[in-house]
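Reviewing the structure listed below.
Throughout, read-outs are computed from the coordinates displayed, never taken from laboratory work. Computed from a prediction, not measured in an experiment: that's the story for all the values here. Backbone-built Cβ (ideal geometry, glycine too); neighbour counts: all protein chains shown.
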Amino acid sequence: MSVGPMKLSKILEHLRCPICMGDLDFVEKGNANKSIICTKCGEKYYMYGKIIDLLPKAFVRGSDLRWMRYYDKIAKDYYRLFHRILPILTLGAEGRIRKRWINKLGLREGNYALDVATGTGRNIPYLCRRVGSEGLVFGVDISFGMLQYAVRYAEKWENVILVRANASHLPFPDNIFDAVFHVGGINTFEDKELAIREMVRVAKTGARIIVIDEGLDPKLRNTKRGKKLIASNALYASMPPIKEFQRYARNIRVEWHIIFNKLIAIWPYYVLQAEKLSFKVHVKVKIHRLCSKLYINIVSNSFS
């Protein structure tokens, strides 16, 4: 099942070229709308079934490239773990925890929500229930392999749009989302601060932004159990990006939690919640986009 032409034309109104923020339009009009072009810079993009691919090659480098390849490779196992195994191992606690996370966003029916690094779409059903049939849920991920498993949600809910893109170059206009949600990934992003600026840029003023990732409460790190956990996964030593958020957001709060399997800790994590300050962040982001456009032109010329 692919996105219908009428629906896709409506979806493109909410998307922008990640290079120059230009409007997007079809290359081929009619029944087979599989090619999309930026009306401003001419960059060409593609659509594969339910997945709109807005990821230029030049925007994938460093750790982003390594993790993209990794998740493309393990997508099937990841889906089994998070959609089948963990809900059973945690006796349903994992699902209840996700619901609590999303409740913190303050979403209402008819709202627009963005799930950054949506992966296999584990958060999508919870977001859909909050925004209702009149709202929209955009799921963005850099891994095409992971998004292929999220397609089942886009087939179930017509208001779910899946986009392949880099979190540091979100293909959306300013001030469009009522809430931005991110679980897992920020600790390993190539450009963490730019990704945060982008999340803030696309959020409406006052919108809630929640970022969740691996991290053990500093109070527990020198305990016997804490040292053992960090030895098992170095990412558990990660700290939330408070400093990066302080430049662009207000009401920043951090909570530390651990998901248990009975009495065994299986995932320590932090929850960072913030609210967008104002439009001032857009100036810095637009300057960066200008630099990115110059960079991608250089890379494209080197490929030709």
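Using a Förster distance of 41 angstrom, determine the FRET efficiency expected from the C-beta separation of Cys41 and Arg253, and round it to 0.05. Write out the running numbers ahead of the final one.
On the way: r = 39 Å, r/R0 = 0.96.
Calculated transfer efficiency: 0.55.
What length, rounded to one decimal in nm, is gained on full extension from Asp174 through to Leu81, with 0.36 nm per residue of separation minus their alpha-carbon distance? Mind showing how you got there, number by number?
Working: separation 93, 0.36 × 93 = 33.48 nm, distance 3.50 nm.
Full-extension gain reported as 30.0 nm.
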Explain nothing, just the number: dipole magnitude of the range 84-219 about its Cα centre with +1 on each Lys and Arg Cβ and -1 on each Asp and Glu Cβ, in debye rounded to the nearest 20. 540 debye
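For Leu235 and Arg61 in the same chain, what is the full-extension length gain: residue separation times 0.36 nm, less their Cα-Cα distance, in nm? List each step's numbers first, then the result.
On the way: separation 174, 0.36 × 174 = 62.64 nm, distance 2.03 nm.
Contour length minus Cα-Cα distance gives 60.6 nm.
Hydropathy at least -0.5 by Kyte-Doolittle, axial extent at least 18 angstrom from the Cα trace: which helices of the chain, defined as entire DSSP H runs, fit?
Values: long enough: 62-80 (28 Å, -1.43); 144-156 (19 Å, -0.16); 281-303 (33 Å, 0.43).
Answer set is 144-156, 281-303.
Rounded to the nearest 0.05, what FRET efficiency do Lys219 and Lys7 give with R0 = 51 Å and r taken as the Cβ-Cβ distance? Could you check?
Details: r = 49 Å, r/R0 = 0.97.
That gives a FRET efficiency of 0.55.
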Round to a whole angstrom and tell me the spacing of the C-alpha centers of the range 201-221 and the range 42-64. 26 Å
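List the pairs from Lys7/Lys104; Lys76/Lys219; Lys73/Lys219 whose alpha-carbon separation is above 32 Å, in the order I gave them.
The answer is Lys76/Lys219; Lys73/Lys219.
Let me know the charge dipole size of the chain about its Cα centre in debye, to the nearest 20, where only the beta-carbon of Lys, Arg (+1) and Asp, Glu (-1) is charged.
860 debye
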Which pairs break 20 Å Cα to Cα here: Lys10/Lys156; Lys34/Lys204; Lys34/Lys192; Lys44/Lys156? Lys34/Lys204; Lys34/Lys192; Lys44/Lys156
Modelling each spin label as a point 7 Å along the Cα-to-Cβ direction, I'd like the Thr205/Asp25 distance in nm, to one decimal. 3.2 nm
Within the range 63-90, find all residues whose amide N lies under 13 Å from a label point positioned 7 Å from the Cα of Ile266 along Cα-to-beta-carbon. 80-90
Using DSSP, restrict attention to beta bridges with both residues in the chain and report what percent are antiparallel, rounded to the nearest 5. 55 percent
